Amino acid sequence: MNKELFGVFDSVDAFRRLRSTDEFDTVVEADTVTVGIRDPALSIPNRTSVYQDKDGSCLLWGEAYVPAVDTDNSARWILQQYERNGTETLRHLNGSYLVLLEHDGEATIYTDPIRSRECFYSDALDTRVFGTDAAAIGSAIPEPTLSEQSMVEFVYLSVILDDRTLLSELDRIPFDGYVTATDTGSLSRFVYRPRTFDFAEELARRLRRALERRTRLPGPKGLLLGAGYDARVVLSQIPDITQCFTVGSASTPEVRIARLLSGSYGADHHRIPLDGTYMNLDFETVQYTNGINESIHVHQRGVERMANVRTMYHGWAFDTLLKDFFVQKSRLGIGRKSVRLSSLPENPDPATFLLEWRLGIMPDSLTLLESRSEIGIDDPRGYFRSLLDSEFEECRRRCRNEHDVANAFGVKHLPSKSFRRHIDDHFIESFVAADAELIDWHLRTPPAHRTIDTYLDALNRLDADLLRYRPPDRPRSIRICNPIEGFLRRTLPFLTQFGNAWPDIDALYDRTRLDEEWFEDHPELQEQSTRFKLRVHDTQIWLETVLGRSVPLSRIVYPSPRTGSNTTPDRSSHVP
């Protein structure tokens, strides 16, 4: 990994028993904590920085903008304010970050409000160990055990719930939370509080300010650009982006429209080819998943070898925070034979919505669970629904209405974090959607107005030319016509479907003959969907590398959370 934070709530001698200080650009030694940092952006303004004085220490990891515009060290401002105002200081930070503060003999690590940067910790060693690379901590655990509960969730559901990982002895800092040497807990920065205002105008203003804040990053600058509506706003507001990059073959509508967008703003366009290395899912790629996300989301792999830029922008999570990806809408029809409407249902059902439309359940794979009585899951959908219902209780304490429960869940779990972690490891990356003003807009805007219509209205106010080229799956100016046409194209055999923004993983998988390589002795797995098989492989590669031993496929595909010793752990201490 090019970037890593690793530490212990202990002395530098305890740190050296686990890692060499030579592995890091700098090592911060404080009274109760020692942290190693490896980050090429160390000390660039508003990026990773360190400050210590006689009263305490502060380490900022990632990207944070502070109110003091004249400071060249965000960590110094944070510590000085913390000494006066305590944790209230955190409400004035803006960006995607982890902050470690030591003061009055206690060290605490805080996430940003949406936990956009994961931090893992373990108590399985002599002292509590923490860091941003789950594999680095997991491999240091003396006798790690597999979490059956986590495996069944990841392989079949696509996300690991709560704050768990694939190892029972390894956990994550809670969402909007913190960890100390002996405790963990949640804060209350991410709480829905809907208001009435001019939603589109306010979003346009906040987008303009969020992007202006990020114009001063060092160049050359690039942008991951698709044909959708998200990244193009970055292209229009940051004038010195010189290169844009799109995944796909030369003939796809995605690449064609991205090329037109790039040219209209004076940037060169480059295509990330789908060559033979795209399905090379060895640990170098799977490591970015931290064992909790899918490697399929690192769809831009290869850009690090071709992009001659220092800073890379993207539009990741705009759909979650600024639009309605995780907002349940009314539907006309039944199941997959239905059209999504713009209205909200009277009685939202977040579990059904997530299971049917937003999480990665592959229906055929559920028969694998049903076929093994020893697993103890006779009704997989009912089982996963009960898990989600339990998770929703923590989400509801952050919501004013039931319509936001699925959205709170979606923000908490953001299943495609591996995409961003890969970009952040190779470039100076800026996560625009994590801007504090945009998160505040998300929390203040009622779900009925947090829509694609509001978003497009805001883009039009920023720059009318942004909407000149339509995405391939939204060719009609009357927006309700697009889902209707999409439904007809999916349903009628004589019509072709809209192009997909993602690469055709089924074709790539078959072309590289991975069934023969990975599942030669498991014909029942060869019949499963490509995405399910990729998750199985992700799990196996991550575990075998971290554990240093082989893990049978049967252990991964047929975990027994209800009959094994590793049942869902008690997390009551994580929400004080």
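The values are calculated or read from the model by the stated rules, or taken from the named source; none is laboratory data. Note that this is a predicted model, so its numbers are computed, not measured. We place every Cβ from the backbone using ideal geometry, glycine too, and count neighbours over all the protein chains shown. In case anyone asks, the SASA skips ligands and DNA or RNA and just uses the protein heavy atoms, side chains included. Shrake-Rupley method; radii C 1.70, N 1.55, O 1.52, S 1.80 Å.
Size of the chain: Rg and Dmax of its alpha carbons, in Å, are 23.2, 74.
The residues of the chain expose, per residue, 39 Å² of accessible area to a 1.4 Å probe. In this Cβ point-charge picture (+1 for Lys and Arg, -1 for Asp and Glu), the chain has a dipole of about 2440 debye about its Cα centre. Counting only the Cα atoms, the range 236-328 fills a convex hull of 145 Å³ per residue. Look at the dipole of the chain built from charges on Cβ: of L547, N85, T252, the Cα furthest out on the positive end belongs to T252.
Here r is the Cβ-Cβ distance between R549 and T32 and R0 is 35 Å; the resulting FRET efficiency, rounded to 0.05, is 0.50.
In the chain, a dipole from Cβ-located charges (positive for Lys and Arg, negative for Asp and Glu) runs towards its positive end, and of T451, A124, G36 it is T451 whose Cα lies farthest in that direction. Based on Cα contacts under 8 Å between residues 6+ apart, the chain shows a relative contact order of 17 percent.
Partners of K221 within straight-line reach, counting aspartates and glutamates whose Cα lies under 16 Å from its Cα and excluding those fewer than 8 residues away in the same chain: E212, D240, D268, E304, D424, D425, E429.
Based on the alpha-carbon set only, what is the convex hull volume of the range 107-200 divided per residue, in Å³? Show your work: numbers first, answer last.
On the way: hull volume 12.3 nm³, N = 94.
So the per-residue hull volume is 131 Å³.
Computed from point charges on the beta carbon alone (+1 for Lys and Arg, -1 for Asp and Glu), the dipole magnitude for the range 105-243 about its Cα centre is near 1120 Debye.
Is the range 167-304 best put as rounded, prolate or oblate by its Cα gyration tensor, with a ≥ b ≥ c the root eigenvalues, rounded for a/c under 1.5, and otherwise prolate when a/b is larger than b/c, oblate when not?
Oblate shape, in that a/c is at least 1.5 and b/c is the bigger or equal ratio.
DSSP assigns beta bridges within the chain; of those with both partners inside it, close to 75 percent run antiparallel.
Take the Cβ-Cβ distance between R444 and D521 as r, set R0 to 51 Å, and report the resulting FRET efficiency rounded to the nearest 0.05. The pair R444/D521 has a calculated efficiency of 0.40.
Along the positive direction of the dipole of the chain (beta-carbon charges: Lys, Arg +1; Asp, Glu -1; about the Cα centre), which of V159, N280, V411 reaches farthest? Positive-most Cα among the choices belongs to V411. Contour minus end-to-end for L260 and R468, with contour as 0.36 nm per residue of separation and end-to-end as the Cα-Cα distance? Here the segment from L260 to R468 would lengthen by 73.9 nm. Take the Cβ atoms of R511 and E212, set R0 to 25 Å, and the FRET efficiency comes out at 0.05.
Would you mind classifying the range 201-243 by shape? Square roots of the alpha carbon gyration tensor eigenvalues, ordered a ≥ b ≥ c; an a/c under 1.5 is rounded, otherwise it is prolate if a/b is larger than b/c and oblate if not. It is oblate, given that a/c is not under 1.5 and a/b is not larger than b/c. Working from label points 7 Å from Cα in the Cα-to-Cβ sense, the L332 to D275 distance is 4.8 nm.
Solvent-accessible area assigned to carbon and sulfur over the chain amounts to 46 percent, based on a 1.4 Å probe.
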